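The values are calculated or read from the model by the stated rules, or taken from the named source; none is laboratory data. None of the values given here were measured: they were computed from a predicted structure. Note: ideal-geometry Cβ built from the backbone for every residue, glycine included; neighbour counts use all protein chains shown. Protein only, heavy atoms only, side chains kept; ligands, DNA and RNA dropped before computing areas. Shrake-Rupley method; radii C 1.70, N 1.55, O 1.52, S 1.80 Å.
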Amino acid sequence: MRTAYRVESVRAAEAALMAGLPEGTLMRRAAAGLAGACAGLLGRVYGSRVVLLVGSGANGGDALYAGAGLARRGAGVTAVLLGARAHEGGLAALLAAGGRVADDPFAVLARADLVLDGITGIGGRGGLRPEAVPLVRAARGSGAVVVAVDLPSGVDADTGAVDGEAVRADATVTFGAYKPGLLVDPAREYAGAVRLVDIGLADLLPSPPELEALHHADVAGLLPVPAAESDKYRRGVVGVVAGSARYPGAAVLAVAGALRGGAGAVRYVGPAGAAVLARYPETLVHAGPPADAGRVQAWVLGPGLGDTPGADDVLGSDVPVLVDADGLRALDMAAVRARPAPTLLTPHAGEAAALLGTDRADVEARRLEAVRELAARYGATVLLKGSTTLVADPDPGVPVRVNPTGTPWLATAGSGDVLSGLAGSLLATGLAPRDAASAAAYLHGLAARRAAAGAPVAAHDVADALPGAWRDVAA
Ligand SMILES: NC(=O)C1=CN([C@@H]2O[C@H](COP(=O)(O)OP(=O)(O)OC[C@H]3O[C@@H](n4cnc5c(N)ncnc54)[C@H](O)[C@@H]3O)[C@@H](O)[C@H]2O)[C@@H](O)CC1
Ligand SMILES: Nc1ncnc2c1ncn2[C@@H]1O[C@H](COP(=O)(O)OP(=O)(O)O)[C@@H](O)[C@H]1O
Ligand SMILES: [K+]
């Protein structure tokens, strides 16, 4: 599992570690890792042209010490000093190693092979300052490889928000621990490939972390496996309340996901029974209200539902309920909070914005805050879909899960319906809502990658690829 920590936690761990070490040790460790990563990216260090964008703090210090290391290996290293001051020891080291300070920053940037962004790291506040913007643009426009030191300057380390301009890096070399902004969009997009340099903080970081990203082994540990004594009912039955005369396909796709999620049976309730049976004859179909449909261990409510009634029956039930799409419209917060069993909400950014009374762009800009806020308000687990899918528990002390398997190919109509069926099925097998949601997002992303393999996919392709993704994870 990959974990990420807030700035205050990283600073506290650094302080504790530094107390027992000679001054400058951590910065030397960071700079050595950074210089090594740059050497790898350059291929040949000797004779290469490296430019350092140096801010006034320790982030600039890291860049200067790494630049000194590269200069000792024969690179031509030039520092562009952006602040009124620069890290003294770092600057002295660079000059001693044969590096220099730029007279004409734009001229050196135009010829650079690699640019190190050491403007701000975890001490940065707000976006880039106006004087840095033309330099950063020149770096980007030069064709040089841009490497961010610790974080791309201008992004918010704790939230992943980007207010104004920020450095767009090809790679980021981060120190001691991942920060949330490196894993959550929009900042994640700015970071490029992220590499973690160990500076000895691991044992000093707090538990729990702010964010977790599951890996194959973590998901494998969550997935249900039937045992000898299993029967279809013991494996769990998932009820799907979805589809309408207008959107029968949503019912088919939600059932497609549900059939691949480990439940022993899928009960479909709604007006699209004929369409569902035509595609999936194994479905148990019921045309009456959900309350009369028979026992289920979890409900999925909402995909393509339109104005089809049944929501009250489902929300009033005593089993876990996943609410998606049309089920989220006019969702009664008090009714959700009063439920005796867990609720899992799966909005995309537009639906989350409607629930929060804000606009879509605001949710997309502050995904981490939005998902936590929704979970707290509704007392529910929330899976926020989109470029970075996040899963928040109603308990604010529990780490948010960030899904690492997503792909923009998933931005195709109906793929969300497959996800809700899949997550609902995992809920019916007995997984806790946070585990069901994060395992579902993981498998869904992996299935989309397998199905897409670099070409567009339809939602039903994603559903069909789920067993292969499951096998990959469980192997
Ligand atoms: N504390 C430590 O022991 C270690 C720190 N490390 C480095 O130190 C960094 C943190 O250093 P600092 O706390 O000095 O902070 P930073 O260097 O990240 O930034 C703070 C400096 O930038 C200025 N600044 C803030 N916002 C700005 C903006 N929007 N535009 C331009 N300038 C801005 C501030 O006035 C201040 O001088 C880490 O990100 C990491 O790179 C590493 O060397 C590892 C060890
Ligand atoms: N840019 C993106 N990158 C990765 N995944 C995305 C992106 N945009 C959408 N997705 C994923 O695609 C799915 C779309 O779901 P949703 O918005 O509910 O669409 P629909 O209602 O058509 O099914 C979600 O799993 C979401 O996380
Ligand atoms: K930086």
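Only protein atoms count toward the accessible area here, which uses a 1.4 Å probe; on the chain, the carbon and sulfur part of that area reaches 52 percent.
Counting pairwise Cα distances across the chain, what percent come out greater than 35 angstrom? Cα-Cα pairs in the chain separated by more than 35 Å: 39 percent. Take Thr343: with every protein chain present and a 1.4 Å probe, its accessible area is about 10 Å².
With the simple model of a label 7 Å out from the Cα in the direction of the Cβ, Ala335 to Leu204 spans 5.2 nm.
Taking the square roots of 5 times each eigenvalue of the Cα gyration tensor of the range 199-249, largest first, gives ellipsoid semi-axes of 39, 22, 9 Å.
What net charge is computed for the residues neighbouring Leu466, neighbours being all others with C-beta under 11 Å from the C-beta of Leu466, Lys and Arg scored +1, Asp and Glu -1? After counting each charged neighbour, the total is 0. Per-residue SASA remark: His348, around 70 Å² accessible (1.4 Å probe; ligands, DNA and RNA not included).
Which GluC sites (Glu not before Pro) in the range 8-93 pass both tests, a DSSP loop state and at most 13 other beta-carbon atoms within 10 Å?
Within the range 8-93, the qualifying GluC sites (Glu not before Pro) (loop, at most 13 other Cβ atoms within 10 Å) are Glu23.
Taking Cβ atoms as reference points and 13 Å as the exclusive limit, the residues near Ala423 contribute a net charge of +1, counting Lys and Arg as +1 and Asp and Glu as -1. Taking all protein chains together and rolling a 1.4 Å probe, Arg137 ends up with roughly 140 Å² accessible. Farthest toward the dipole's positive end in the range 216-474, which of Val323, Pro347, Val252, given Cβ charges of +1 (Lys, Arg) and -1 (Asp, Glu) about the Cα centre? Going by the Cα projections, it comes out as Val252.
Of the residues Ser230, Ser317, ranked by 1.4 Å probe accessible area with the largest first, the sequence reads Ser230, Ser317.
What per residue convex hull volume, in Å³, do the alpha-carbon atoms of the range 161-241 yield?
Normalising the Cα hull of the range 161-241 by residue number yields 198 Å³.
Note that the chain presents 40 Å² accessible area per residue, ligands and nucleic acids not counted, probe 1.4 Å. Contact order for the chain, expressed relative to its length and based on alpha carbon pairs under 8 Å spaced 6+ residues apart, stands at 13 percent. Each of Met18, Met27 has its accessible area taken with a 1.4 Å probe; listed largest first, they run Met18, Met27. Its Cα gyration tensor gives the range 216-474 an equivalent ellipsoid. The semi-axes, each the square root of 5 times an eigenvalue, are 23, 22, 18 Å from largest down.
At 1.4 Å probe size, put Trp470, Trp299 in order of accessible surface, largest to smallest.
Descending accessible area places them as Trp470, Trp299.
Charge dipole of the chain (Cα centre as origin; +1 on each Lys and Arg Cβ, -1 on each Asp and Glu Cβ, all else neutral): 980 debye, rounded to the nearest 20. Other residues whose C-beta falls under 13 angstrom from the C-beta of Ala311 contribute a net charge of -4, scoring Lys and Arg +1 and Asp and Glu -1.
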